[in-house]
Amino acid sequence: MRPDSGLVSEVVPSPNQGERVGPLDMLILHYTGMPTAQVALARLCDPAAEVSAHYFVFEDGRIVQMVDEERRAWHAGRGFWDGERDLNSRSIGIEIAHVGHDGGLPPYPDAQIAAVIALCRDILARRKIPPQRVLAHSDVAPERKEDPGEVFPWDKLADAGIGHHVPPAPIRDGRFFAQGDQGQPVEALQAMLALYGYEQPVTGLYDARTAAVVTAFQRHFRQARVDGVADASTITTLRDLIAARR
Ligand SMILES: [Zn+2]
């Protein structure tokens, strides 16, 4: 296997892959959530684990390719975005070595983020991937996943031209919606989340699913407070994102 990117320092093939179905038009970022990079890399090559990614980025910025971009890697699992369910077929997956929430969610090292940015830019220069389809694993699987987490610097990626981003609206006091609330304003919030791409049924009831989707939204777009409560800052940020997409 030949690397797809000149930034790859080593190829470590994973057997966990298959044929793509449909076009490639998404980029999904993950953290490994394991104690060490080596353990995570070994797992992504273990046939019994049945998981993989196209790329793996070490803490020091070294980049390994595991699956050819033309092939379907097994990183997203069950998920949904903007009407699509077979996200592995549509996406390139990058695993970023990081201990995750279980490891206390430390900041990502600068060298690692620089490498992730360089790799994303390289991929986006070669592939037709719209900005709003550069996503967190948590965006596409809000009830199952929380990676790459609220310390992942999406703003720095946006500064480098990667992904879709607006400055988060400042957090202020005022009306908010939380689990158990119902009515038209909740319906409107759900409709906006669904319009942006999240798997969010429009029921008018702020249930556990809605709280999980709002939490995922905050992890990506309003990182200062991740609590699943739709405050004015969260709603304004979502509205600004949708407006900026047109
Ligand atoms: Zn993941």
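The values are calculated or read from the model by the stated rules, or taken from the named source; none is laboratory data. Just so we're clear, the structure is a prediction, and the values are computed from it rather than from any experiment. When we count neighbours, we look across all protein chains shown, and the Cβ atoms used for this are built from the backbone with ideal geometry, even at glycine.
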Could you say which residue among Ser89, Ser138 is polar (S, T, N, Q), touching a Gly at 6+ places or on another chain (Cβ under 7 Å) and in a helix (DSSP H, G or I)? Ser89
List every residue pair whose Cβ atoms sit under 7 Å apart, with the two residues 6 or more apart in sequence or on different chains, where the first one lies in region 9-33 and is over 12 Å from Ser89 (Cβ atoms) and the second, anywhere, is assigned to a loop (DSSP other than H, G, I, E, B) and at pLDDT below 95. Val11/Met1; Pro13/Met1
Check Glu143 against each of (1) in a loop (DSSP other than H, G, I, E, B); (2) under 24 Å from Val8 (Cβ atoms) and name the one condition it does not meet. (2)
Residues of region 63-73 satisfying the condition of being in contact with a helix residue (DSSP H, G or I) (Cβ under 9 Å, 6 or more places away or on another chain) and under 14 Å from Cys120 (Cα atoms): Ile63, Val64, Glu69
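Out of region 68-79, which residues are more than 17 Å from Val39 (Cα to Cα), part of a loop (DSSP other than H, G, I, E, B) and within 19 Å of the chain's Cα centre (by Cα)? Spell out how you get there, then give the answer.
Step one: of region 68-79, the residues more than 17 Å from Val39 (Cα to Cα) are 68-74, 76-79.
Next, from what is left, pick out any that are part of a loop (DSSP other than H, G, I, E, B): 68-70, 74, 76-79.
Of everything in region 68-79, those that are more than 17 Å from Val39 (Cα to Cα), part of a loop (DSSP other than H, G, I, E, B) and within 19 Å of the chain's Cα centre (by Cα) turn out to be Glu69, Trp74, Ala76, Gly77, Arg78, Gly79.
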From the list Val67, Val12, which residue is within 16 Å of the ligand (Cβ to nearest atom), touching a strand residue (DSSP E or B) at 6+ places or on another chain (Cβ under 8 Å) and among the aliphatic types (A, V, I, L, M)? Val67
Checking the condition over 14 Å from Val8 (Cβ atoms), more than 15 Å from the ligand (Cβ to nearest atom) and buried (at least 17 other Cβ atoms within 10 Å of the Cβ), which residue from Leu135, Leu87, Leu119, Leu124 passes? Leu124
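Quick grid of which residues meet (1) within 16 Å of Ala141 (Cα to Cα); (2) in contact with a Gly (Cβ under 9 Å, 6 or more places away or on another chain):
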site	(1), (2)
Val186	no, yes
Tyr198	yes, no
Asp231	no, yes
Ala243	no, no
Taking Gln223 as meeting all but one of (1) of a type in the set (S, T, N, Q); (2) within 15 Å of the chain's Cα centre (by Cα); (3) surrounded by 21 or more Cβ atoms within 10 Å (Cβ to Cβ), write down the number of the exception. (3)
Out of region 15-58, which residues are more than 15 Å from the ligand (Cβ to nearest atom) and within 18 Å of the chain's Cα centre (by Cα)? Leu24, Asp25, Phe58
Could you go through region 233-246 and let me know if any residue there is touching a strand residue (DSSP E or B) at 6+ places or on another chain (Cβ under 7 Å) and part of a helix (DSSP H, G or I). no
Would you check if there is a residue in region 160-183 being part of a helix (DSSP H, G or I) and loosely packed, with under 15 Cβ neighbours inside 10 Å? no
Some residue of region 102-116 being under 15 Å from the mean Cα position of the chain (by Cα), more than 15 Å from the ligand (Cβ to nearest atom), modelled with pLDDT of 95 or more and not aliphatic (A, V, I, L, M): no
Would it be correct to say that Asp227 is over 28 Å from Leu124 (Cβ atoms), outside any helix (DSSP H, G or I), out of contact with any Ser or Thr (no Cβ under 9 Å at 6 or more places or on another chain) and of a type outside the set (Phe, Trp, Tyr)? no
Going through (1) under 17 Å from Ser91 (Cα atoms); (2) not in a loop (DSSP other than H, G, I, E, B) one by one, Val64 fails only at (1)
